[in-house]
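Worksheet: the structure to be examined is printed underneath.
The values are calculated or read from the model by the stated rules, or taken from the named source; none is laboratory data. Here the structure is a predicted model, which means the values were calculated and not measured. Note that we place each Cβ from the backbone using ideal geometry, even for glycine, and neighbour counts take in every protein chain shown. These area figures cover heavy atoms from the full protein model, side chains too; ligands, DNA and RNA do not enter into them. Shrake-Rupley method; radii C 1.70, N 1.55, O 1.52, S 1.80 Å.
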Amino acid sequence: QLYGATLVRRAGEEGEWLVVVDVPLLLETLRDEAALRAEVDVVLLVSCSAAEQRRRCLARPGMSDPKLETILARQLPDADKRARADFVVDTGLSSGVAETRAQLAPRDRREI
């Protein structure tokens with residue numbers, strides 16, 4: 001098991017119904033669907049357009065075009081990630097944080 005198995009197991013034993021694990025390159029590491037589902041029950045992908053991703057990344061201190069290209073080369077295309085995710089939260093929407101939060105509002109234990 002790759003991702004916080006002890007944390008997840010302990011939370012389940014304590015009656016928690018939801019444990020969020022933030023895993024960079026999750027879908028790239030677990031390309032096989034059976035392997036992915038052995039590790040996680042639900043995949044929530046946070047995504048935005050390629051142009052917005054590039055803009056945000058290049059605004060970070062120490063980031064450069066070559067460094068960003070190296071990072072992006074390790075990632076699956078966004079369309080592939082969206083196809084594998086159970087839920088997608090689009091953070092590149094014009095109305096910003098309010099609309100992003102609205103996308104999360106319906107998520108409750110009946111859906112997950």
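For the reader, a short list of remarks on this structure follows.
- Condition met for Asp41 (open to solvent by 50 Å² or more (accessible area, probe 1.4 Å), of a type in the set (Asp, Glu), in a helix (DSSP H, G or I) and touching a residue at least 24 places away in the same chain (Cβ under 8 Å)): no
- Selection of segment 12-47 for residues being on the phi < 0 side of the Ramachandran plot and within 10 Å of the chain's Cα centre (by Cα) yields Val21, Asp22, Val23, Pro24, Leu26, Leu27, Val43, Leu44, Leu45, Val46, Ser47.
- Yes/no for Gly96 being modelled with pLDDT of 90 or more, open to solvent by less than 70 Å² (accessible area, probe 1.4 Å) and of a type outside the set (A, V, I, L, M): no
- If the condition is being part of a loop (DSSP other than H, G, I, E, B), of a type in the set (A, V, I, L, M) and at pLDDT 85 or above, then segment 74-93 contributes Leu76, Ala85.
- The residue pairs whose first member lies in segment 49-73 and is outside any loop (DSSP other than H, G, I, E, B), whose second member is loosely packed, with under 13 Cβ neighbours inside 10 Å, and whose beta carbons are closer than 7 Å, counting only pairs six or more residues apart or on different chains, are Leu68/Leu58.
- All conditions but one from (1) at pLDDT 85 or above; (2) on the phi < 0 side of the Ramachandran plot apply to Leu7; the one that does not is (1).
- If you go through segment 6-36 and pick out every residue that is open to solvent by 30 Å² or more (accessible area, probe 1.4 Å), more than 17 Å from Arg82 (Cβ to Cβ) and in a helix (DSSP H, G or I), you end up with 10.
- Residue match in segment 60-83 (condition: at positive phi, over 15 Å from the mean Cα position of the chain (by Cα) and either open to solvent by 50 Å² or more (accessible area, probe 1.4 Å) or of a type in the set (Phe, Trp, Tyr) (or both)): yes
- Pairs linking a residue in segment 76-87 that is touching a residue at least 12 places away in the same chain (Cβ under 8 Å) and within 16 Å of Thr29 (Cα to Cα) to a residue that is open to solvent by 70 Å² or more (accessible area, probe 1.4 Å) and part of a helix (DSSP H, G or I), with Cβ atoms under 8 Å and 6 or more positions apart or on different chains, are Asp78/Ala50; Arg84/Glu33.
- Residues within segment 14-40 that are of a type in the set (Asp, Glu) and modelled with pLDDT under 90, tallied: 3
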